[in-house]
Amino acid sequence: MEVTKTEIEDCFILKPQKFEDERGYFFESFNEAIFRDKTGLLVHFVQDNQSFSSKGVLRGLHFQTGVHQQAKLVRVIQGEVLDVVVDLRKDSKTYGKHIKEILSDTNQKQVFIPRGFAHGFLVLSETAIFSYKCDNYYNRESEGGIIYNDESLGIDWMLRDEDFLISEKDLVLPKFKDVSPL
């Protein structure tokens, strides 16, 4: 597994080693021991989630608060998405900064997102199956979010706003300045 640091501390891009032949391919999508060795982080995932979406679907920017914060390892099983994470950790040198990465079924990249981040993604392909592992259980009362187009974050989502399909719930999320650091 190849692990690349990002400009945000404890946030990594992972790329598994892929073995291909005439039958297809195989790769190990996660190995806790290798991850710990390459990042210095110990994470234990307890919940796996998966979503199916069509082109233009934007989900996010979401997070969990308090004791229900979640670290995530995200990847695309089918299709292509623009994945975005925003640092909400109050004592972080990169508070309010974001990174983005294209994840697809062909590049097999994954993003490890530590606790204390908002996360979202935009589907760039006709459809996409998105998968994520979480180190804590989802709690409805602890969910939070930031509006995707907050000018202060300056996120380039790569598509025009009029091409987005966004839930009513995500369209009324607060601005970054109105969200308490985690």
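The values are calculated or read from the model by the stated rules, or taken from the named source; none is laboratory data. Since the model is a prediction, treat every value here as computed from it, not as a measurement. Here Cβ is always computed from backbone atoms with ideal geometry, including for glycine, and neighbour counts include all displayed protein chains.
Points to keep in mind about this one:
- Residue list for the stretch 156-182, filter: modelled with pLDDT of 95 or more and closer than 14 Å to His62 by Cβ: Ile166, Ser167, Lys169, Asp170, Leu171, Val172, Leu173, Pro174, Phe176, Val179
- For the stretch 32-54, the tally of residues that are of a type in the set (A, V, I, L, M, F, W, C), out of contact with any Asp or Glu (no Cβ under 7 Å at 6 or more places or on another chain) and surrounded by fewer than 16 Cβ atoms within 10 Å (Cβ to Cβ) stands at 4.
- Where strands (runs of 3 or more DSSP E) fall wholly inside the stretch 55-103, the ranges with 2 or more residues that are modelled with pLDDT of 95 or more and surrounded by fewer than 18 Cβ atoms within 10 Å (Cβ to Cβ) are 72-78.
- For first residues located in the stretch 13-31 and free of Cβ contacts under 8 Å to residues at least 24 places away in the same chain, partners that are part of a loop (DSSP other than H, G, I, E, B) and lie 6+ apart or on another chain with Cβ distances below 8 Å form the pairs Gln17/Met1; Gln17/Glu28.
- Just one residue in the set Phe121, Phe112 is at pLDDT 95 or above and touching a helix residue (DSSP H, G or I) at 6+ places or on another chain (Cβ under 8 Å); that residue is Phe112.
- The stretch 129-143 - residue that is crowded, with 17+ Cβ neighbours inside 10 Å and under 20 Å from Lys169 (Cβ atoms) and, of those, nearest to the chain's Cα centre (by Cα): Tyr132
- Of all residues in the stretch 142-166, exactly one satisfies the criterion of being touching a residue at least 60 places away in the same chain (Cβ under 8 Å), of a type outside the set (S, T, N, Q) and in a helix (DSSP H, G or I), namely Asp163.
- Residues that are closer than 28 Å to Phe26 by Cα, among the hydrophobic types (A, V, I, L, M, F, W, C) and part of a strand (DSSP E or B), drawn from the stretch 104-139: Val111, Phe112, Ile113, Phe121, Leu122, Val123, Ala128, Ile129, Phe130, Cys134
- Given (1) assigned to a strand (DSSP E or B); (2) of a type outside the set (Phe, Trp, Tyr); (3) surrounded by 14 or more Cβ atoms within 10 Å (Cβ to Cβ), index of the condition Ser29 fails: (1)
- Ile146 over 27 Å from Val46 (Cα atoms) and over 12 Å from the mean Cα position of the chain (by Cα): no
- With respect to (1) part of a strand (DSSP E or B); (2) surrounded by 18 or more Cβ atoms within 10 Å (Cβ to Cβ); (3) not basic (Lys, Arg), the lone exception for Thr4 is condition (2).
- Those residues of the stretch 79-111 which are free of Cβ contacts under 8 Å to residues at least 60 places away in the same chain and aliphatic (A, V, I, L, M), in sequence order: Val81, Ile102, Leu103
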